[in-house]
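Student: I'd like to ask you about the structure that follows.
The values are calculated or read from the model by the stated rules, or taken from the named source; none is laboratory data. Owing to the predicted nature of the structure, the values given are computational and were not obtained by experimental measurement. Positions of Cβ are backbone-derived with ideal geometry, glycine not excepted, and every protein chain shown enters the neighbour counts. Areas reflect the complete protein model, heavy atoms only, side chains present, ligands, DNA and RNA absent. Shrake-Rupley method; radii C 1.70, N 1.55, O 1.52, S 1.80 Å.
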Amino acid sequence: GFDYKPSDNVLLFANVAKGYKAGGFPTVSSSTYISYLPVSQESVLSYEAGFKASLLDRKLQFNGAAFYYDYKDKQLRSKILQLPFGILDILQNIPKSSIKGFEVELSARPVKGLTSNVSFTFLDAKIKDFVGINAAGVESDFSGTRMPFTPKYQLAWSADYAFPVTDNLNAFLGGTLNVRSGTVSVVGGDINPPFANPQTPGLFRIGSYETVDLRAGVETSDERWRFSVWGKNVFNAYYWNNVVAGFDTIIRYTGMPATYGASIGFKF
């Protein structure tokens with residue numbers, strides 16, 4: 001890798017790295033020894049290039065990077081058909097897969113006390129070579145399908161404002177918006193069982209969702225103690241973060257509903 005600073009406020013960088021994940025034995029429920037066979041070592045060759053720029057007298061920080069991860073024998077949870085129980089879990093090596101994308105981050109302090117951050121990530125995660133069985137019991141060549149738990153885009157925006165209320169006490173308030181596009185929970189998650197009615201959408205899809213968090217409170221000017229009230233997912237968005245198959249049943253694990261609370265902290 002290398003770093004280059006064309007000016008005091010701009011950094012350019014590029015890196016190439018090789019990484020490994022050791023082989024191992026899966027922890028699954030099974031009825032035959034086949035599901036407990038070890039998986040081999042996983043490897044990845046990663047390429048990344050980007051920049052970091054401090055602008056407007058450091059009131060604006062702008063970072064960005066593009067990347068490409070080339071995987072060999074990536075370890076992913078898949079499925080196997082084991083009678084009389086049906087579809088059960090197995091850990092398998094995916095011969096070839098890749099993730100490419102980019103991320104940008106912008107942090108601004110336009111006025112005293114106000115801080116705003118926004119970040120965006122785009123992913124194109126694909127399985128390039130794999131033949132097996134998905135959670136729907138469909139045996140197929142899954143080359144070109146999506147990699148599980150890799151939403152195409154993710155967006156996060158937050159803003160916080162702090163202001164004095166007395167000589168020794170500051171108040172603050174802020175919020176965060178999180179946006180995530182849809183993905184799948186298993187290899188071949190876009191393919192339904194042939195008897196499923198209706199056929200769309202995919203039974204193993206995790207839909208897109210947005211959540212909003214809010215917070216407010218007070219703290220001493222020396223930051224010795226702080227009190228805050230907060231709300232997470234304040235608009236009570238309904239979403240799920242995992243989908244699994246149990247015999248002939250599809251089980252969806254939902255995210256947390258609207259949640260409220262208070263916190264107090266003290267530094268000794």
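Student: Scanning for something of a type in the set (A, V, I, L, M, F, W, C), buried (at least 18 other Cβ atoms within 10 Å of the Cβ) and within 30 Å of D160 (Cβ to Cβ), does segment 176-199 turn up at least one residue?
Tutor: Checking segment 176-199: not a single residue is of a type in the set (A, V, I, L, M, F, W, C), buried (at least 18 other Cβ atoms within 10 Å of the Cβ) and within 30 Å of D160 (Cβ to Cβ).
Student: Among the residues of segment 150-170 satisfying the criterion of being in contact (Cβ under 8 Å) with a residue 40 or more places away in the chain, touching a strand residue (DSSP E or B) at 6+ places or on another chain (Cβ under 9 Å) and not in a strand (DSSP E or B), which is most open to solvent (accessible area, probe 1.4 Å)?
Tutor: N168
Student: Identify, please: which residue in segment 34-50 is among the polar types (S, T, N, Q) and open to solvent by 40 Å² or more (accessible area, probe 1.4 Å) and is, among those, modelled with the highest pLDDT?
Tutor: The residue in question is Q41.
Student: Restricting to segment 212-235, give me the number of residues that are over 14 Å from L169 (Cβ atoms), assigned to a loop (DSSP other than H, G, I, E, B) and open to solvent by less than 90 Å² (accessible area, probe 1.4 Å).
Tutor: 2
Student: Let me ask something else about it. Tell me the residue from A125, A156 that is closer than 30 Å to G86 by Cα and under 13 Å from the mean Cα position of the chain (by Cα), please.
Tutor: A125
Student: At least 2 residues that are free of Cβ contacts under 8 Å to residues at least 60 places away in the same chain and hydroxyl-bearing (S, T, Y) in each: list the strands (runs of 3 or more DSSP E) lying fully within segment 91-145 that qualify.
Tutor: Fully inside segment 91-145 and qualifying: 114-129.
Student: Only one of Y238, Y253 is assigned to a loop (DSSP other than H, G, I, E, B), closer than 30 Å to G86 by Cβ and among the hydroxyl-bearing types (S, T, Y); which?
Tutor: Just one listed residue meets the conditions, Y238.
Student: Identify, by number, the condition in (1) in contact with a strand residue (DSSP E or B) (Cβ under 7 Å, 6 or more places away or on another chain); (2) over 26 Å from A162 (Cβ atoms) that S140 doesn't meet.
Tutor: (1)
Student: Of all residues in segment 81-100, which are loosely packed, with under 15 Cβ neighbours inside 10 Å and in contact with a Leu (Cβ under 9 Å, 6 or more places away or on another chain)?
Tutor: L81
Student: In segment 119-147, how many residues are open to solvent by less than 50 Å² (accessible area, probe 1.4 Å) and either over 21 Å from I191 (Cα atoms) or in contact with a helix residue (DSSP H, G or I) (Cβ under 9 Å, 6 or more places away or on another chain) (or both)?
Tutor: 2
Student: If I filter segment 17-31 for residues that are within 30 Å of V138 (Cβ to Cβ), of a type in the set (S, T, N, Q) and open to solvent by less than 40 Å² (accessible area, probe 1.4 Å), do I get at least one hit?
Tutor: There is at least one residue in segment 17-31 that is within 30 Å of V138 (Cβ to Cβ), of a type in the set (S, T, N, Q) and open to solvent by less than 40 Å² (accessible area, probe 1.4 Å).
Student: Something else now. If only one of L76, L88, L81 is assigned to a strand (DSSP E or B), within 24 Å of P151 (Cβ to Cβ) and not aromatic (F, W, Y), which one is it? Please lay out each step first, then the result.
Tutor: On the way: L88 fails: within 24 Å of P151 (Cβ to Cβ); L81 fails: within 24 Å of P151 (Cβ to Cβ).
Checking each option against the conditions leaves just L76.
Student: Go through D3, D70 for me and flag whichever is acidic (D, E) and within 30 Å of V243 (Cα to Cα).
Tutor: The unique qualifying residue is D70.
Student: Let me ask something else about it. Quick one: in segment 173-203, which of the residues that are over 19 Å from S119 (Cβ atoms) and part of a strand (DSSP E or B) is modelled with the lowest pLDDT?
Tutor: Filtering first and then ranking leaves V184.
Student: Scan segment 40-78 for residues that are small (G, A, S) and closer than 30 Å to G188 by Cα and jot them down.
Tutor: S40, S43, S46, A65, A66, S78
Student: Go through segment 1-33 and give me each residue that's of a type in the set (G, A, S), over 24 Å from the mean Cα position of the chain (by Cα) and at pLDDT 95 or above.
Tutor: G1
Student: Report, by residue number, each residue of segment 236-250 that is surrounded by 11 or more Cβ atoms within 10 Å (Cβ to Cβ), at pLDDT below 95 and among the hydrophobic types (A, V, I, L, M, F, W, C).
Tutor: Matches in segment 236-250: W240, V243, V244, A245, I250.
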